[in-house]
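Trainee: Have a look at this one before I ask anything.
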Amino acid sequence: MSYFKYYTENGDYAFPLSEFQDRILEGEKEITLLEMKRDIGGVMFCREIVGLVEKGDCGNICSFYNPCNGVSGRCRHLQNSFVRTGKKFKLTANKTKEV
């Protein structure tokens, strides 16, 4: 498992591996994780409306639109969404093992 990949337990939100390792250190015995990858070119996640947006749903038509360069272009509230890779892992205190 890579520290630069993202994982989920239920498919709703993706987190870096360190988030789950912290829970193991706090006493959880085992966590089943699904590996996720960024969905480049797909739908985007808007942190302001807390939902997925399609290309064209952003920009001057959105009241939260705030371009990164201050003029136009990509909104600073957008993040890539994630899709499952199909790989499943068990994380324990000793190791991470693909299932």
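Trainee: Less than 19 Å from a label point 7 Å out along the Cα-to-Cβ axis of GLN21: which backbone N atoms in the range 69-95 qualify, by residue?
Mentor: 88-95
Trainee: Next question. When the helices in the chain are scored as -39500 (n - 2.57) per DSSP H run of 4 or longer and the sum is shared across all residues, what 222 nm value do you end up with, to the nearest 500 deg cm²/dmol?
Mentor: Only helices count here, giving -2500 deg cm²/dmol.
Trainee: For an R0 of 22 angstrom, estimate the FRET efficiency from the Cβ-Cβ distance between LEU52 and ARG76 and round to the nearest 0.05.
Mentor: 0.80
Trainee: Okay, moving on. Mind running the shape call on the chain? Use the C-alpha gyration tensor, a ≥ b ≥ c as the square roots of the eigenvalues: rounded below 1.5 for a/c, prolate if a/b tops b/c, oblate otherwise.
Mentor: Prolate, because a/c is 1.5 or more and a/b exceeds b/c.
Trainee: On to the next question. Based on the Cα gyration tensor of the range 41-80, what are the three equivalent ellipsoid semi-axes, each the root of five times an eigenvalue, rounded to whole Å and given largest first? All intermediate terms of the calculation are to be shown ahead of the outcome.
Mentor: Numbers: eigenvalues 44, 21, 18 Å².
Over the Cα atoms of the range 41-80, the semi-axes work out to 15, 10, 10 Å.
Each value in this text was obtained by applying a stated rule to the coordinates, not by laboratory testing. What you are looking at is a predicted structure, and each value in this text was computed from that prediction instead of being measured. Backbone-built Cβ (ideal geometry, glycine too); neighbour counts: all protein chains shown.
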